[in-house]
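Heads up: the structure comes next, in structure tokens.
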Amino acid sequence: MQPGQSCIAFARLTAIPLAELIAHMSDPRVALHMPLLTPPWDLDTAARFVAAKEDCWRRDGLGHWAILRDGRYVGWGGFQKEGAEWDFGLVLRPEAFGMGWRIASEAIALARADPRIPFVTFLLPPSRRNLGALARLGATFVGEVELGGAAFLKFRLETD
């Protein structure tokens, strides 16, 4: 870590109070680039979300983390197996939007060290215009796909 740089850590989503997840996922700035997000988020929605992410950990041995900066929750993200592919997603709180590149780089380093993950996919809504971080990671555009009735831009990054 560079002097003056904040510490990034990954924790399980179960460590985050549901009220924090609700506030995060109810922010309209977050929803702007999440076409599949269905409001409103309440205690039941948040609890089901965490349970679903924990199921991924049990089933696949990997999943989504809570992301902490200097011990404070700034978002969630990680890997989820979609068929034979490992998809990486990252959803940050607005005050952490500029940290995506750094967090993704740390997570991708973990994927590169994991022999189960020969490549990672990324699905981004067409509303995302700044895609330079994906290029810096080495991801290439695969095409447009539909998921849940919404269009997404699909990218792939070889990890081995």
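Relative contact order for the chain: what percent, with Cα pairs under 8 Å and sequence separation of 6 or more? Write down the numbers at each step before the final one.
Working: 230 pairs, mean separation 30.4, N = 160.
Over the chain, the number comes to 19 percent.
Suppose every Lys and Arg Cβ carries +1 and every Asp and Glu Cβ carries -1, with no other charges. What dipole size does the chain come out with about its Cα centre, to the nearest 20 debye? Mind showing how you got there, number by number?
Numbers: 18 positive and 18 negative charges, 62 e Å.
It works out to roughly 300 debye.
Considering only the other residues whose Cβ falls under 15 Å of the Cβ of Lys154, what net charge follows from Lys and Arg at +1 and Asp and Glu at -1? Don't skip to the end; give the middle numbers.
On the way: positive: Arg128, Arg156; negative: Glu82, Glu85, Asp87, Glu144, Glu146, Glu158.
Taking every Cβ under 15 Å from that of Lys154, the sum is -4.
Would you compute, from DSSP H runs of 4+ residues alone, the mean residue ellipticity of the chain at 222 nm, taking -39500 (n - 2.57) per run and dividing by the full residue count, rounded to the nearest 500? Can you show the working numbers first?
Values: 5 runs with 49 residues, N = 160.
The helix-only estimate for the chain comes to -9000 deg cm²/dmol at 222 nm.
If you filter region 75-111 for GluC sites (Glu not before Pro), then keep DSSP loop positions with at most 11 other Cβ within 10 Å, what is left?
Working: sites: Glu82, Glu85, Glu95, Glu106; in loops: none.
The qualifying sites: there are none.
Considering the chain as a Gaussian network with a 10 Å cut-off on Cα pairs, which listed residue, Ala111, Ala150, Ala139, attains the greatest mean-square fluctuation?
For the chain, modelled as a Gaussian network with Cα springs under 10 Å, the answer is Ala150.
Probe radius 1.4 Å, ligands and nucleic acids ignored: give me the carbon and sulfur share of the accessible area of region 74-160 as a rounded percent.
Details: 2390 of 4350 Å².
The computed percentage sits at 55.
Hey, how much of the P(r) for region 1-140 falls beyond 19 Å, as a percent of Cα pairs? Don't skip to the end; give the middle numbers.
Details: 5101 of 9730 pairs.
Counting pairs separated by more than 19 Å, the tail of P(r) holds 52 percent.
Pick out, from Phe119, Ile103, Trp57, the residue whose Cα sits farthest towards the positive end of the charge dipole of region 1-152, with +1 on the Cβ of Lys and Arg and -1 on the Cβ of Asp and Glu.
Ile103
Only four residue types carry charge here, +1 at the Cβ of Lys and Arg and -1 at the Cβ of Asp and Glu. Report the dipole size of region 61-116 about the Cα centre in Debye, rounded to the nearest 20.
Working: 7 positive and 7 negative charges, 29 e Å.
Charge dipole, region 61-116, about its Cα centre: 140 debye, nearest 20.
Taking every alpha carbon pair in region 36-97, what does the distance histogram look like in 10 angstrom bins from 0, in percent?
The percentages, shortest bin first, are 20, 47, 31, 2.
Charges only on Cβ, +1 for Lys and Arg, -1 for Asp and Glu: so what's the dipole of region 95-160 about the Cα centre, in debye to the nearest 20? Spell out each step's value before the answer.
Values: 8 positive and 7 negative charges, 28 e Å.
The calculated dipole for region 95-160 is roughly 140 debye.
The values are calculated or read from the model by the stated rules, or taken from the named source; none is laboratory data. Since the model is a prediction, treat every value here as computed from it, not as a measurement. Cβ: placed from backbone, ideal geometry, glycine included. Neighbour counts: every protein chain shown. The area values use the complete protein model at the heavy-atom level, side chains included, leaving out ligands, DNA and RNA. Shrake-Rupley method; radii C 1.70, N 1.55, O 1.52, S 1.80 Å.
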